[in-house]
Every structure is written in C-alpha cells, then in structure tokens.
Amino acid sequence: MLMKTPICELCGKTATLCSACRSKLKNGRITETDFRVATFLYQLNEGYNISGASFEHALDLGRVVLILTSGNVGLLIGKEGRVVSELSMHLGKKVRIAECSGDMKKTISDILLPVELLGINTVYTKDGECCRVRLPKAQIMRLPMDLDSLERILKSLLKKEVKLSLE
Ligand SMILES: [Zn+2]
C-alpha cells in the first residue's frame, strides 16, 4: 500500500522537492510544515508500518501541530502513541492527529480540545454566508492556539468566512 501525503513519493523519500511539489509549495497549496511532516512520515515508515496512512495536511498552531488525516487516525498515533511521539520530537511541538474526512464538527471539536465546541451555525450576512463557531468564553485560555490562528485554521477547513463567537 502506498502512503498518501501532499507531496509525491519521490520527494517524500528523498526529502527534496521536484518541480511539481516546489510549485505546490510556492503557491501555498502545501506548507513547509506539510513537507516536514510528509518526509518524516516516509522515514518513520521504515521502522513502523504506516504505509496505509493518509496524511492530508499539517497545521502549525503555535504550540501544537495539527495533523489531518483522511484515513485511520490510529495508524498515525501508533502503538502506545509511538508514532505521534516521534512526530512530536521531530517537530519540537505537541502533535495532535484529527480525522478530516468525515464529520467536520468532530474535526473542529478535536482541534479545540480541551475547550468545548458549543456549536457551529451558518449565518447569512449582506456579504454572504459565514460560519459562526461558538466557544465558551470562560475556557478560552485553554485553547491550544491564539484566536487569530484558530480563525485562520477554521477558515481553511470550512472554506468559508468564520466568525468566532465567545459566549
Ligand atoms: Zn515531488
């Protein structure tokens, strides 16, 4: 089975960038963090059998790197959390794995942990559709990132304007 990452297999295995992957990086379709995670996953694949993993995107949230997978979350966590702790050591940050293929609400709840997601509503403004993500004001200090980064991440996940609502 072939591991799925945002870069091609050759680049992943050699930690270089071919012209196609380089242009993806240049136009922002992948990030430096995606590249670091992908190449490291290919390295890890030699010691741990994670070739079934589907790595979609990595988001650097400041204190935490969020790794989104469209496949089995358990593969990237590893037995007794070994894969996730290798990733964490390599990146020098805490790593959180979340699934991004199914329920978006579940993905967002995973990102916010330990803060509780109160709800997501679509609101219609004169500028179009906007997503209101409701968070408990009293827990904001426990977010794994600052509010600006959170808003950016949610925007890129939901592909919509996002307004955080602290309640
Ligand atoms: Zn490539």
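Taken together, the values in this text are just the output of simple stated rules run on the coordinates, not laboratory data. This structure is a prediction, so every number in the text was calculated from the model and none was measured. Glycine also receives a Cβ, built like all others from the backbone with ideal geometry; neighbour counts cover every protein chain displayed.
Condition check ((1) within 23 Å of LEU150 (Cα to Cα); (2) assigned to a helix (DSSP H, G or I); (3) not aromatic (Phe, Trp, Tyr)) across all residues:
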| residue | (1), (2), (3) |
| --- | --- |
| PRO6 | yes, no, yes |
| GLY12 | no, yes, yes |
| PHE40 | no, yes, no |
| VAL65 | yes, no, yes |
| GLY71 | no, no, yes |
| LEU75 | no, yes, yes |
| VAL84 | yes, yes, yes |
| THR107 | yes, yes, yes |
Notebook entry, point to check: Only one of (1) surrounded by 12 or more Cβ atoms within 10 Å (Cβ to Cβ); (2) free of Cβ contacts under 8 Å to residues at least 60 places away in the same chain; (3) not aliphatic (A, V, I, L, M) fails for PRO144. Which number is that?
Noted result: (2)
Margin query: Just the residues that are touching a helix residue (DSSP H, G or I) at 6+ places or on another chain (Cβ under 8 Å), of a type outside the set (A, V, I, L, M, F, W, C) and within 16 Å of TYR42 (Cβ to Cβ), please, taken from segment 57-103.
Written below: THR69, GLY78, GLU86, HIS90
Item checked: Matching residues in segment 17-39 - criterion: being under 17 Å from the mean Cα position of the chain (by Cα), within 11 Å of the ligand (Cβ to nearest atom) and of a type in the set (Gly, Ala, Ser) -> ALA38
Item checked: Pairs where the first residue, in segment 11-23, is without any contact (Cβ under 8 Å) to a residue 24 or more places away in the chain and the second is more than 8 Å from the ligand (Cβ to nearest atom), C-beta under 7 Å, 6+ apart -> LEU17/LEU25
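Okay, residues lined up against (1) closer than 22 Å to SER101 by Cβ; (2) within 15 Å of the ligand (Cβ to nearest atom); (3) in contact with an Asp or Glu (Cβ under 6 Å, 6 or more places away or on another chain):
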| position | (1), (2), (3) |
| --- | --- |
| ILE7 | yes, yes, no |
| CYS11 | no, yes, no |
| TYR42 | yes, yes, no |
| ALA53 | yes, no, no |
Next item on the list: Return yes or no: is VAL115 farther than 28 Å from GLN139 by Cβ and not in a strand (DSSP E or B)?
Entry: no
